[in-house]
1. Among the residues of the range A:465-484, is any more than 18 Å from the chain's Cα centre (by Cα), within 10 Å of chain B (Cβ to nearest Cβ) and modelled with pLDDT under 85?
2. Could you check the range B:305-349 and list, in sequence order, the residues that are part of a strand (DSSP E or B), among the hydrophobic types (A, V, I, L, M, F, W, C) and surrounded by fewer than 19 Cβ atoms within 10 Å (Cβ to Cβ)?
3. Would you pick out the residues in the range A:137-165 that are in contact with a Leu (Cβ under 9 Å, 6 or more places away or on another chain) and assigned to a loop (DSSP other than H, G, I, E, B)?
4. If you go through the range B:104-153 one residue at a time, how many are in a loop (DSSP other than H, G, I, E, B) and either more than 14 Å from chain A (Cβ to nearest Cβ) or more than 30 Å from B:Leu59 (Cα to Cα) (or both)?
5. Quick one: is A:Ala491 without any contact (Cβ under 8 Å) to a residue 24 or more places away in the chain, within 14 Å of another protein chain (Cβ to nearest Cβ) and either touching a Ser or Thr at 6+ places or on another chain (Cβ under 8 Å) or buried (at least 17 other Cβ atoms within 10 Å of the Cβ) (or both)?
6. Do we find a residue being out of contact with any helix residue (DSSP H, G or I) (no Cβ under 6 Å at 6 or more places or on another chain), closer than 19 Å to A:Val501 by Cβ, surrounded by 19 or more Cβ atoms within 10 Å (Cβ to Cβ) and modelled with pLDDT of 90 or more anywhere in the range B:101-113?
7. In this structure, does B:Gln251 turn out to be part of a strand (DSSP E or B), among the polar types (S, T, N, Q) and either closer than 27 Å to B:Leu121 by Cβ or in contact with a strand residue (DSSP E or B) (Cβ under 6 Å, 6 or more places away or on another chain) (or both)?
8. Out of A:Pro131, A:Pro171, I need the residue that is at pLDDT 80 or above and over 28 Å from A:Val572 (Cβ atoms). Which one?
Amino acid sequence: MDRGLDTGRFTVSLFSAPAPARPSPAGQPPAPAVWQALALWLLPLAFLLVFFFIPLGKILGAAGQGLLQSGLSPTAAERLLRAVGFTFYQAALSTLLTLLVGLPGAYVFARFNFPGKRLLRLLSTLPFILPTVVVAAAFNALIGPRGWFNLLAMEWFNLSAPPLNLLNSLPAILLAHVFYNTTIILRVVGSAWEQLDPRLEAAARVLGASPWRAFREVTLPLLRPPLLAAGLLVFLFDFTSFGVILLLGGAHYATLEVEIYIQALHMLNLPLAGLLSLVQLLCTLLLTVIYTRAASRLNIPLTPRLRGEGAASPRSLTQKVLVGTVVLMLFALLILPLTALAARSVVRLEAARGQRGTFESGLTLDYYRELFVNRRGSLFYVPPIQAARNSLLYAGVTVGISLGLGLPAAAALSRRSPLNRLLDPLLMLPLGASAVTLGLGFILTFNRPPLEARSFPLLIPIAHSLVAFPFVVRTLTPVLNSIPLNLRQAAAVLGASPLRVWLEVDLPILARAALVAAIFSFTISLGEFGATSFLARPEFPTLPVAIFRFISQPGGLNYGQALAMSTLLLGVCGVGIALLERLQLPDERSR
Amino acid sequence: MLTVENIHKHYEGQPLLRGVSFEVGAGETVCLLGASGSGKSTLLRILAGLEEAESGRVLWEGKDLRGVPVHERRFGLMFQDYALFPHRSVAQNVAFGLRMQNLPPAQIEQRVQEVLRRVNLSHFAYRRVTDLSGGEQQRVALARALAPHPRLLMLDEPLGALDRALREELGQFLREVLHESGVPAIYVTHDQEEAFMIADRLILLHDGLVAQDGTPAEVVQQPASVWVARFLGLSNLLPGRVISRQPLTIQTDIGLFCPSGCPEPPALNETVTLLIRPGGLAGQAAADAVNTFAAQVRDVIFRGEGYRLTLTSGGHTLSFHTAQALPPGWQGQLAVNADSLWCLRQREADQHE
């Protein structure tokens, strides 16, 4: 799946079913008629059938047909094995590094108060919503050949070539993955750690355990479930990473996702792409099952504590050094790439070829101005800013579709029908399929007019809606479930008819959650790259597609424009995060 | 006005209500009293129309309410945890029922102010209900239930969530408001003191049946069963046998007793239970006679307005409130007043204990 669709505090609950609706204190309400539930389900299920399950079937068909007709050629088998191997390898390495960075952070968050804690907490939500292309562009602006690091080093030490060649290398991929997923460790492990009574460790110390021993024998075993769950989730995300690898890894590093993309769009080998998709699907499915099992054990009853109760200011020098180092490191990790991106998009820093030393450096808005110009020989037939317009349009349509489907689905899920057990996992299935698989399925399925992938622009927001839909349902259902039954009953006793009850009680309470869901789908759509890269026509690019095209081209102006567009996207996502933070559902905060 | 006839209801396979019948008259406050799990709240929900009884009828002024949906019954219900609408202000909560009646805004406004004034919350009209204390929320819930002039007001453990001191104060307040409004009310509680404070009439619910229906004084003075006596905290209960009907004489392990009354005189040799009221100790007795027993003082506790004596007698433990103390360890013959004795006949319901 394309990253940038994961949404903060909802990560943990995402793959596990939401808590069942609270049973009413006395008696059950009359069971809702099954046909009512079915009526609510009808639209979402039909949508999933046409736009998810049929394309999935086509992929299986293509893979099977390819295998039957020509078998697996040795080169194809080799590519497949290499892709699988590298996918696991880089995911394992990324997860390990993320844990290495995230665990000290989780500890510091759980046990210490320090200046900037709130800010850092807020910043740590950013990666959840940032599109992969933006992050890739940000790291490019920081450590790429034209990035700050290399340009400044060249300037200061008078070098003739960039000293650090991190782009198109494994470290660049790992760095971006750490940037993305450290937050998961901070959130999942950090909050579990925070809930852990510090007196447990103190008791072990009093009983004669050294600090390390107390950690190993008391804290670590208690933290094992969240550690496992968070680690698996990070692994899953690294495993399905697409944009980061494509943009930062270059041609040598093909994960399954990238290989699917290359086979489908460049080699036009659809059967192999289908086979790769199948392998990828099985792997994610397996990982998801393992994760769901691990996450279900997350609910071990740790004595609930008030947030921040176990945290104190660092006292000893060691503590101060530890907290200081970790906090600085996290700030650097989260802020440096993003500021590098924003700053680089307004600074001209390089000379034309052969004129080094005499170039003008300075602030400029040229890159932004250039976005509005339709240059001959440019990569598109339209001014790049058109991509922003397309993106906003698609995002708006996505919000409409995903909420239109998500509301009835959530209403059906909160009705305690026996159907739910069956249908709930069905709804979440699109999460298991990667966006690239989705894109592949779409071009395999919708290849005839009127539903022809490349001429029917509505398919893009439909694909985005498939990605956003599970998030919307997961956001709305708990809120619907949290409305106490007796509020509805109180309204009924006071004379409200069933319709009136829905209008006066459910709807106002739901409105905020619906807004949150809308912002989610909007930002998911804005940043979606995996499926869009399959579906977007050259003259109808979205922002991420345009950024990808521009950043892979030579020339300072192209580079600058890519960064300028990334910065715009970053800004919109920042506004999204700020809105979400303000709208934070009360339930989530107290939990 | 309200007639409840022979209500049956199962909960999770177990019989919860096994034929409950009672009536509520105009302006009367009735307390449904029973242990938790006795089906009191379920009964209220059946009356409100939130749940359906398996059999039996609910009648309002003789008209069967079957098929009348919740929102057309015009009954008020104050929920146990109030169920205030968190997304509405105090005034909006109170106005809700009035809006459902499609009254003109001016009239709604006037009624809201009137009711809020009555519950001393005029200054809180525009507060969020989530910012209120428990006691304040309770008064909002009361105001919201009263505002649309319900035909019947039902209160489900309205003081249950409050602490002791607040309960006392708000119980008094509820009593005043209920009597003043003249609305017939059904008040559910498991706390007998609360019930005594509020009720014109008590209905004790036990084992799915009405164990007793009467004024608080009747119920305390003439409990209808061993369960009622125990539930009211009357614990001096001795098994006995009727050895004479005229005068009624009961033989127990610790002596012969002649109670002054019994609802329906028991049969000769019938097994009964003798209740001795805690205030019934008359003093030391000279000799072994009727209405006396030999006892030893096990414990004496000073209770401010007197003492509580805990006695053992023939393997039974009895306790009494007295004005004067006896020294711990004292042994001798004690007498009880004949009018503090009450004879309880066995009932089907008691066999389950």
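1. yes
2. Passing the criteria: only B:Ala335.
3. Those that are in contact with a Leu (Cβ under 9 Å, 6 or more places away or on another chain) and assigned to a loop (DSSP other than H, G, I, E, B): A:Gly144, A:Pro145, A:Arg146, A:Gly147, A:Pro162.
4. 9
5. yes
6. No: the range B:101-113 contains no residue that is out of contact with any helix residue (DSSP H, G or I) (no Cβ under 6 Å at 6 or more places or on another chain), closer than 19 Å to A:Val501 by Cβ, surrounded by 19 or more Cβ atoms within 10 Å (Cβ to Cβ) and modelled with pLDDT of 90 or more.
7. Working: part of a strand (DSSP E or B): yes; among the polar types (S, T, N, Q): yes; either closer than 27 Å to B:Leu121 by Cβ or in contact with a strand residue (DSSP E or B) (Cβ under 6 Å, 6 or more places away or on another chain) (or both): yes.
Against the criterion (part of a strand (DSSP E or B), among the polar types (S, T, N, Q) and either closer than 27 Å to B:Leu121 by Cβ or in contact with a strand residue (DSSP E or B) (Cβ under 6 Å, 6 or more places away or on another chain) (or both)), B:Gln251 qualifies.
8. Exactly one residue qualifies, and that residue is A:Pro171.
The values are calculated or read from the model by the stated rules, or taken from the named source; none is laboratory data. Source: prediction; values computed, not measured. So basically every Cβ, Gly included, is an ideal-geometry build from the backbone, and we count neighbours across all protein chains shown.
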